[in-house]
Amino acid sequence: MTTPTPTERQPGLAATVALYTVSRLALVAFVTALLVLAGVPFLLAVLIALIVALPLSMVLFRGLRARLDDALSTARERRAREREALRAKLRGDVAAEPAAEPPVTASDEPSGGEADRGQQ
């Protein structure tokens, strides 16, 4: 397999899971339809199709499963990075981002050269 370049956009996890799920359901429906056309009762055809579709989908949808594995591992790595960053923030390991305004002081004294205009 080739690694995607930064300009290529890979489908997200939800899209990959949805595509794989729809493909598996379509396979079950196809096998069920074939069995019903062959004269097998519908409920029995659905049960047989569920059993037959599992190994058949492992062979037919090998590429989709590889994409799903890649999407899952990417999501897992991203979540691990986010979790570690959150834990570092909670521990106080991460340096505070520079603020646009100076930090607020908790004293009652006026800051800098400002005069107290409340009492004249």
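Rounded to 0.05, the FRET efficiency of the residue 87 and residue 25 pair, given R0 = 30 Å and the Cβ-Cβ distance, is 0.15.
Looking at 50, 80, 28, which one has the Cα that reaches farthest to the positive end of the dipole of the range 13-91 (charges on Cβ: Lys, Arg +1; Asp, Glu -1)? Of the listed residues, the answer is 80. With semi-axes defined as the square roots of five times the eigenvalues of the C-alpha gyration tensor, the equivalent ellipsoid of the range 13-91 measures 40, 11, 8 Å, largest first.
Provide the gained length on full extension for the span residue 60 to residue 77, in nm with one decimal, where the gain is 0.36 nm per separating residue minus the Cα-Cα distance.
Values: separation 17, 0.36 × 17 = 6.12 nm, distance 2.78 nm.
Taking residue 60 through residue 77 to full extension adds about 3.3 nm, to one decimal.
Every number here is computed from the coordinates shown, using simple stated rules; none is lab data. Only a predicted model underlies this, so the values are computations on that prediction, with no experimental measurement involved. Backbone-built Cβ (ideal geometry, glycine too); neighbour counts: all protein chains shown.
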